[in-house]
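Novice: If you scroll down you'll find the structure; I have some questions about it.
The values are calculated or read from the model by the stated rules, or taken from the named source; none is laboratory data. Being a predicted model, the structure only gives us computed values, none of them experimental. For neighbour counting, all protein chains shown are included, and Cβ atoms are generated from backbone atoms with ideal geometry for every residue, glycine included.
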Amino acid sequence: MSQQSAKPYLVRALYEWCVEQGYTPHLAVRVNARTRVPPGFVKDGEIVLNIGPLATHQLTMDTEWILFNARFGGASQEVAVPFSAVVGIFAKETGYGMGFEPGDEALDKAVPAGADAAGHGVAGDAGSSPPPTAGATGVPGATSSKPKGGHLKVVK
(Lines give C-alpha, C1' and ligand atoms only; values in the text may rest on other atoms or scores of the structure.)
Protein backbone atom coordinates (compact mmCIF):
# COMPACT_ATOMS: atom_id res chain seq x y z
CA MET A 1 0.00 0.00 0.00
CA SER A 2 1.46 3.38 -1.01
CA GLN A 3 1.46 6.34 1.35
CA GLN A 4 -0.81 9.33 0.60
CA SER A 5 1.07 12.56 -0.20
CA ALA A 6 1.00 15.26 2.49
CA LYS A 7 1.11 18.03 -0.15
CA PRO A 8 -2.70 18.48 -0.50
CA TYR A 9 -3.06 18.81 3.27
CA LEU A 10 -0.20 21.30 3.57
CA VAL A 11 -1.50 23.40 0.67
CA ARG A 12 -5.01 23.48 2.18
CA ALA A 13 -3.61 24.44 5.59
CA LEU A 14 -1.51 27.30 4.19
CA TYR A 15 -4.47 28.44 2.06
CA GLU A 16 -6.66 28.64 5.18
CA TRP A 17 -3.93 30.43 7.13
CA CYS A 18 -3.52 33.03 4.35
CA VAL A 19 -7.25 33.69 4.17
CA GLU A 20 -7.65 33.93 7.97
CA GLN A 21 -4.72 36.39 8.17
CA GLY A 22 -6.22 38.57 5.41
CA TYR A 23 -3.48 37.63 2.92
CA THR A 24 -3.94 36.63 -0.72
CA PRO A 25 -2.92 32.99 -1.33
CA HIS A 26 -1.04 32.38 -4.57
CA LEU A 27 -0.25 29.00 -6.05
CA ALA A 28 2.94 28.37 -8.08
CA VAL A 29 2.33 25.65 -10.68
CA ARG A 30 4.59 23.84 -13.14
CA VAL A 31 2.39 23.42 -16.21
CA ASN A 32 2.29 19.93 -17.69
CA ALA A 33 0.02 17.80 -19.87
CA ARG A 34 -2.52 17.31 -17.07
CA THR A 35 -2.71 20.97 -16.04
CA ARG A 36 -5.60 23.06 -17.41
CA VAL A 37 -4.74 26.76 -17.27
CA PRO A 38 -4.97 29.56 -19.86
CA PRO A 39 -1.84 29.03 -22.00
CA GLY A 40 -1.43 32.76 -22.68
CA PHE A 41 -0.57 33.32 -19.00
CA VAL A 42 2.09 30.58 -18.78
CA LYS A 43 5.70 31.80 -18.69
CA ASP A 44 8.68 29.44 -18.86
CA GLY A 45 6.39 26.46 -18.23
CA GLU A 46 5.04 27.93 -14.99
CA ILE A 47 2.09 30.00 -13.82
CA VAL A 48 1.28 31.70 -10.54
CA LEU A 49 -2.43 31.73 -9.71
CA ASN A 50 -4.30 33.93 -7.26
CA ILE A 51 -6.50 31.40 -5.43
CA GLY A 52 -8.00 33.83 -2.94
CA PRO A 53 -11.76 33.80 -2.30
CA LEU A 54 -12.28 37.05 -4.26
CA ALA A 55 -10.41 35.72 -7.31
CA THR A 56 -11.96 32.26 -7.59
CA HIS A 57 -15.41 30.73 -7.86
CA GLN A 58 -16.23 27.20 -6.72
CA LEU A 59 -12.72 26.47 -5.44
CA THR A 60 -12.30 22.83 -4.44
CA MET A 61 -9.19 21.04 -3.25
CA ASP A 62 -9.41 17.28 -2.85
CA THR A 63 -6.41 14.95 -2.51
CA GLU A 64 -5.60 14.98 -6.25
CA TRP A 65 -6.89 18.21 -7.85
CA ILE A 66 -7.34 21.92 -7.27
CA LEU A 67 -10.36 23.08 -9.30
CA PHE A 68 -11.89 26.53 -9.70
CA ASN A 69 -13.19 29.12 -12.14
CA ALA A 70 -11.50 32.50 -12.54
CA ARG A 71 -11.27 35.41 -14.93
CA PHE A 72 -8.20 35.81 -17.11
CA GLY A 73 -8.17 38.95 -19.22
CA GLY A 74 -11.88 39.40 -18.45
CA ALA A 75 -12.90 35.93 -19.69
CA SER A 76 -14.10 33.24 -17.28
CA GLN A 77 -12.08 30.02 -17.50
CA GLU A 78 -12.01 26.69 -15.72
CA VAL A 79 -8.72 25.87 -14.03
CA ALA A 80 -7.65 22.36 -13.04
CA VAL A 81 -4.29 21.72 -11.37
CA PRO A 82 -3.15 18.30 -10.17
CA PHE A 83 -1.36 18.53 -6.82
CA SER A 84 1.65 16.84 -8.44
CA ALA A 85 2.14 20.06 -10.51
CA VAL A 86 2.05 22.40 -7.49
CA VAL A 87 5.51 23.75 -6.69
CA GLY A 88 4.50 26.24 -4.00
CA ILE A 89 1.90 28.25 -2.14
CA PHE A 90 2.58 31.65 -0.63
CA ALA A 91 0.98 34.83 0.68
CA LYS A 92 1.33 37.57 -1.95
CA GLU A 93 1.73 40.31 0.64
CA THR A 94 4.56 38.70 2.63
CA GLY A 95 6.02 35.99 0.40
CA TYR A 96 5.62 33.57 3.32
CA GLY A 97 4.78 30.07 2.14
CA MET A 98 6.11 26.68 1.24
CA GLY A 99 7.74 25.22 -1.86
CA PHE A 100 7.53 21.62 -3.05
CA GLU A 101 9.42 19.34 -5.39
CA PRO A 102 7.31 18.76 -8.51
CA GLY A 103 5.70 15.30 -8.76
CA ASP A 104 7.66 12.60 -10.52
CA GLU A 105 4.76 10.87 -12.26
CA ALA A 106 5.28 9.94 -15.90
CA LEU A 107 2.65 12.47 -16.99
CA ASP A 108 4.43 15.27 -15.14
CA LYS A 109 7.36 15.47 -17.56
CA ALA A 110 7.89 19.03 -18.74
CA VAL A 111 5.58 19.88 -21.62
CA PRO A 112 5.68 23.21 -23.45
CA ALA A 113 2.78 25.51 -22.60
CA GLY A 114 -0.16 24.87 -24.91
CA ALA A 115 1.18 21.50 -26.11
CA ASP A 116 0.30 17.92 -25.33
CA ALA A 117 2.84 15.26 -24.36
CA ALA A 118 3.70 14.72 -28.05
CA GLY A 119 4.34 18.46 -28.52
CA HIS A 120 1.12 19.20 -30.43
CA GLY A 121 -0.53 22.57 -29.91
CA VAL A 122 -3.31 21.77 -27.46
CA ALA A 123 -4.29 24.01 -24.57
CA GLY A 124 -5.33 22.16 -21.47
CA ASP A 125 -5.92 18.58 -20.62
CA ALA A 126 -3.99 16.31 -22.98
CA GLY A 127 -3.03 12.99 -21.48
CA SER A 128 -4.69 9.81 -20.33
CA SER A 129 -6.19 11.23 -17.14
CA PRO A 130 -8.14 14.43 -17.85
CA PRO A 131 -9.04 16.67 -14.93
CA PRO A 132 -12.61 16.73 -13.68
CA THR A 133 -14.85 19.63 -14.66
CA ALA A 134 -14.81 22.55 -12.23
CA GLY A 135 -18.34 23.92 -12.66
CA ALA A 136 -20.03 27.26 -13.33
CA THR A 137 -18.62 30.59 -14.47
CA GLY A 138 -16.06 32.53 -12.48
CA VAL A 139 -15.44 35.76 -10.67
CA PRO A 140 -12.44 38.20 -10.66
CA GLY A 141 -9.04 37.05 -11.80
CA ALA A 142 -5.85 35.21 -11.37
CA THR A 143 -2.34 36.51 -11.84
CA SER A 144 0.74 35.27 -13.58
CA SER A 145 3.40 37.11 -11.61
CA LYS A 146 6.12 35.08 -9.95
CA PRO A 147 6.73 35.36 -6.21
CA LYS A 148 9.25 38.02 -5.25
CA GLY A 149 12.13 37.66 -2.87
CA GLY A 150 12.62 33.89 -3.06
CA HIS A 151 10.73 33.16 0.16
CA LEU A 152 9.70 29.66 -0.87
CA LYS A 153 11.53 26.79 0.76
CA VAL A 154 11.63 23.34 -0.85
CA VAL A 155 10.20 20.60 1.37
CA LYS A 156 11.15 17.01 0.53
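Novice: Can you name the residue in the stretch 51-63 that is in contact with a helix residue (DSSP H, G or I) (Cβ under 8 Å, 6 or more places away or on another chain) and part of a loop (DSSP other than H, G, I, E, B) and, of all such residues, is farthest from residue 83 (Cα to Cα)?
Specialist: 53
Novice: Taking residue 48 as the residue in question, decide whether it is touching a helix residue (DSSP H, G or I) at 6+ places or on another chain (Cβ under 7 Å), assigned to a strand (DSSP E or B), in contact (Cβ under 8 Å) with a residue 12 or more places away in the chain and of a type in the set (A, V, I, L, M).
Specialist: Judged against the criteria, residue 48 is not a match.
Novice: Further, regarding this structure: May I ask you to list pairs of residues, at least six apart or on different chains, whose Cβ atoms are under 6 Å apart, with the first in the stretch 52-80 being free of Cβ contacts under 8 Å to residues at least 60 places away in the same chain and the second being part of a loop (DSSP other than H, G, I, E, B) and surrounded by fewer than 20 Cβ atoms within 10 Å (Cβ to Cβ)?
Specialist: Close Cβ pairs (under 6 Å, with a partner that is part of a loop (DSSP other than H, G, I, E, B) and surrounded by fewer than 20 Cβ atoms within 10 Å (Cβ to Cβ)) amount to 52/24.
Novice: Right, here's the next one. What are the residues in the stretch 29-45 that are surrounded by 18 or more Cβ atoms within 10 Å (Cβ to Cβ) and assigned to a strand (DSSP E or B), if any?
Specialist: Those that are surrounded by 18 or more Cβ atoms within 10 Å (Cβ to Cβ) and assigned to a strand (DSSP E or B): 29, 30, 36.
Novice: Right, here's the next one. I'm told residue 74 meets every condition in (1) over 15 Å from residue 100 (Cβ atoms); (2) at pLDDT below 95; (3) crowded, with 18+ Cβ neighbours inside 10 Å except one. Can you identify the failing condition by its number?
Specialist: All conditions pass for residue 74, except number (3).
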